[in-house]
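What follows is calculated from the coordinates using simple rules that are stated; it is not laboratory data. Keep in mind the model is a prediction, meaning the values are calculated, not measured. Reconstructed Cβ throughout: ideal geometry from the backbone, glycine too, with neighbour counts over all protein chains shown.
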Amino acid sequence: MWMMAKLGYSTITMDQLCEGLAAGQLPRRKFVISFDDGFADLYKYALPVLERHRFTAIVYLVSDRVGQTNGWDDGLGFPLQPLLDWDQVRYMAARGIEFGSHTATHARLINLDDSALRDEIVRSRDSIAEHMGAPPRHFCYPYGASDARVAQAVQNCGYASAVTTRKGRVKAGCEPFLMPRVKISKSTGNLRFCFNLALRY
């Protein structure tokens with residue numbers, strides 16, 4: 001984050017990104033920071049760093065699991081970790097952090113029938129709206145699993161965009177419900193980060 005700030009980059013919101021896509025012109029040296037799942041360490045570690053650099057971000061919440069753990073990973077070899085609770089979510093929102101939907105239970109949406117698919121999308125939207133006072137406008141596909149049917153269902157439920165795990169940068173003409181992202185994980189060191197940045201992924 002220090003390096004991005006020094007290079008003259010600043011963050012924009014997902015709404016601003018969508019506005020740029022609609023206009024066919026994306027701003028230079030702007031980026032969106034996104035976090036999937038809503039782990040509680042965002043509150044302790046990420047928020048102070050973001051505020052230090054005057055950056056914002058969007059966090060995609062698994063609404064039925066808020067305040068619990070990433071139970072969807074149980075048995076898959078991943079450690080169970082605490083997730084943000086609603087008080088932490090509201091505090092972060094008051095500090096300028098956006099929150100979107102990552103479904104109700106972190107289900108693999110392409111495997112669901114139409115009724116279950118809509119329930120995952122709508123139940124998450126309504127739960128976040130109940131706790132935050134307004135429905136989320138942006139969506140993230142669990143596991144990055146999406147197809148035309150799933151993307152249409154998300155759009156039909158009132159969202160303005162959806163992000164995938166497909167590698168790449170958002171460019172003019174990008175489909176707003178199939179946005180790619182630049183993945184940053186624990187194994188992404190500074191050199192790899194610079195490499196991705198310099199070569200436009």
Completion exercise
Residue span Glu130 to Glu51: 0.36 nm per residue of separation minus Cα-Cα distance leaves a gain in nm of 25.8 nm
Completion exercise
Rounded to one decimal in Å, the inverse mean reciprocal Cα-Cα distance for the range 2-198, i.e. its Kirkwood radius, is 17.3
Exercise for the section: Find how many whole Å separate the alpha carbon centroid of the range 127-201 from the alpha carbon centroid of the range 19-91. Expected result: 12
Handout entry: Packing-based ranking, highest mean first, of 171-178, 150-157, 51-58 given that Cβ atoms within 10 Å are counted
Key = 150-157, 51-58, 171-178
Practice task
Please grab the % of Cα pairs in the range 14-118 that end up more than 17 Å from each other.
Solution key: 60
Problem - Calculated P(r) of the range 7-63 - Cα pairs past 19 Å, % - result: 37
Exercise for the section: Normalising by the residue count of the range 57-194, find the relative contact order in percent from Cα pairs under 8 Å and 6+ residues apart. Expected result: 19
Fill in the blank from the handout: Computed ³J(HN,Hα) along the range 181-188: with the Karplus parameters 6.51/-1.76/1.60, θ = phi - 60°, integer Hz and x for glycine or proline, the list is 9, 8, 7, 10, 10, 4, 8, 7
Exercise for the section: Output the Cα-based Rg and Dmax of the range 94-153 in Å, rounding Rg to one decimal and Dmax to a whole number. Expected result: 11.8, 38
Handout entry: In the chain, lysine pairs with alpha-carbon atoms under 24 angstrom apart (chain gap of 8 or more, or interchain)
Key = 14
Completion exercise
Karplus-derived 3J(HN,Hα) from phi for the range 63-75 (6.51 cos²θ - 1.76 cosθ + 1.60, θ = phi - 60°), whole Hz, x at Gly and Pro, runs 4, 5, 9, 4, x, 10, 9, 7, x, 5, 8, 4, x
